[in-house]
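Structure first, then comments.
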Amino acid sequence: MSKPIPEEEYRKKPLTRLLQWVGGEIDPFLETMETQKQQNQKPNERLIRKHRRDLDTVISMVHDQKHNKVYKLFRRFYKVASVVCCLALIAMLLTAVSYLPPVGAADNPSSNEVAAKYIEDGLQDTGAVNIVTGMILDYRAFDTFGESNVLFIATCTVLILLRSDKKKDKRQEEAEQRREQHYEPKDDSILQRITFLLFPIIVIYGIYVILNGHISPGGGFSGGAIIGAGLILYANAFGFEKLNRFFTEKTYKWISFVSLSFYCLAKSYSFFTGANHLESGIPLGEAGAILSSGLILPLNICVGLVVACTMYAFYTLFRKGGF
Amino acid sequence: MQMLEWIRFASGVGLLLIGLGIFMLQLFGVFKFKYVLNRMHAAAMGDTLGIGVSLTGLMILSGFNLVSLKMALIIVFLWLASPVSSHLISRLEVVTNEHLAEHCELPEHLGEDELF
């Protein structure tokens, strides 16, 4: 059995130190590394003036269009070269297109046994009338899982880069608000009235596209993009305060977390039961009905939620650096 | 009956061609003009009138069915959305451009605060 050890010894153990370092309690370089205070650098006025003068000289010589022969020649050459480049590119592309096999020919390289398998057995295997959805959310569901995670990771990266956590004091905040009010006029009554009409329709259309993903063209990605665009429109018209009543950072976190983990668990389950992605144990139902095709509908909803949240999160992060 | 079909076809194709002509004008205007309000005017013309006329032509060609209804909804959506976006662009231009008077006539009695 393990013996109790004194606290001093416990603190020196590498695992404890690692945990403390991860938790941010200690800095392992604090007393072992030699550091020097940075000295205040004085700007060299003479050098700066010289640089500025040089820059002015260069600019005046380059942009002296009347006397600069190279510049004139370059302008003429640029015009000719752009036309020649465009024509060459067009000719190349047209030549390449003319060598492509005709659309829909039986001996095209793309019409092999994979496509035939999807078209023949897709409906029976997945229960989805829309073969594309059956492919991306059933045969190749792990690929789509990776895509959803890419969206989430992209949001995380933008969050790391653009997040502004600084607490502003009141005067600064007011000045910023006034500036924003001036350059980005809010409370535009025309925009608000139209948003009042369009926002519910846009969101309902997005939900329709998501829910019908396995029956008609559409699915999680396109429907989620529509809902995200609706959210951005709402934020533009009514401001972030109103939107924050139903969509905050916490909502974003929970929606992303629940969708991604549900997707992961659902597809891990079908992986676990034979790795063929097909027999999930959930009845496929009648093809063409909304509640059919097993796991595809919930997975579509998950993907749609993640995409909508990502679009809105990008917008709000780039706009003001936080939710 | 044959005559009616021909009239329908001709009017549909005619409207489609008019719409495409308006789109050409829009493209030409967007690249020809330099000032933002002029370009916005040209672009908005294609988004409303051009798409309205071409989709009406397509509706006539398609007949009275669900596809026509969807096209009508597209027209309604775009006629709601496009003028509003043009309005926002022009408002931003009026608010932010300090040399507005160089480009267009301003009513003289209008003060700084009354512009927005």
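The values are calculated or read from the model by the stated rules, or taken from the named source; none is laboratory data. What you are looking at is a predicted structure, and each value in this text was computed from that prediction instead of being measured. Here the Cβ is made from the backbone with ideal geometry for all residues, glycine too, and neighbour counts use every protein chain on show.
Any idea which of A:Asp27, A:Asp54 is surrounded by 10 or more Cβ atoms within 10 Å (Cβ to Cβ) and either in contact with a strand residue (DSSP E or B) (Cβ under 6 Å, 6 or more places away or on another chain) or in a loop (DSSP other than H, G, I, E, B) (or both)?
On the way: A:Asp54 fails: either in contact with a strand residue (DSSP E or B) (Cβ under 6 Å, 6 or more places away or on another chain) or in a loop (DSSP other than H, G, I, E, B) (or both).
The unique qualifying residue is A:Asp27.
Given the criterion part of a helix (DSSP H, G or I) and surrounded by fewer than 13 Cβ atoms within 10 Å (Cβ to Cβ), identify the matching residue among A:Leu198, A:Leu265. Spell out how you get there, then give the answer.
Values: A:Leu198 fails: surrounded by fewer than 13 Cβ atoms within 10 Å (Cβ to Cβ).
Exactly one of A:Leu198, A:Leu265 is part of a helix (DSSP H, G or I) and surrounded by fewer than 13 Cβ atoms within 10 Å (Cβ to Cβ), namely A:Leu265.
When the range A:98-126 is examined, which residues are found to be assigned to a helix (DSSP H, G or I) and over 33 Å from the mean Cα position of the chain (by Cα)?
Within the range A:98-126, the first condition is being assigned to a helix (DSSP H, G or I), and the residues that meet it are A:98-99, A:113-126.
Scanning the range A:98-126 gives A:Ser98, A:Tyr99, A:Glu113, A:Ala116, A:Glu120, A:Asp121, A:Gln124.
Mind listing just one residue for me: the one in the range A:170-219 that is over 17 Å from B:Leu80 (Cβ atoms) and facing chain B (nearest Cβ under 9 Å) and, of those, modelled with the lowest pLDDT?
Among residues in the range A:170-219 that are over 17 Å from B:Leu80 (Cβ atoms) and facing chain B (nearest Cβ under 9 Å), the one modelled with the lowest pLDDT is A:Pro185.
Out of B:Ser86, B:Ser82, B:Ser54, B:Ser90, report the one residue that is in contact (Cβ under 8 Å) with a residue 24 or more places away in the chain, under 27 Å from A:Asp188 (Cβ atoms), among the hydroxyl-bearing types (Ser, Thr, Tyr) and in contact with a Leu (Cβ under 7 Å, 6 or more places away or on another chain). Can you show your working first?
Details: B:Ser86 fails: in contact with a Leu (Cβ under 7 Å, 6 or more places away or on another chain); B:Ser82 fails: in contact with a Leu (Cβ under 7 Å, 6 or more places away or on another chain); B:Ser54 fails: under 27 Å from A:Asp188 (Cβ atoms).
Residue meeting the stated conditions: B:Ser90.
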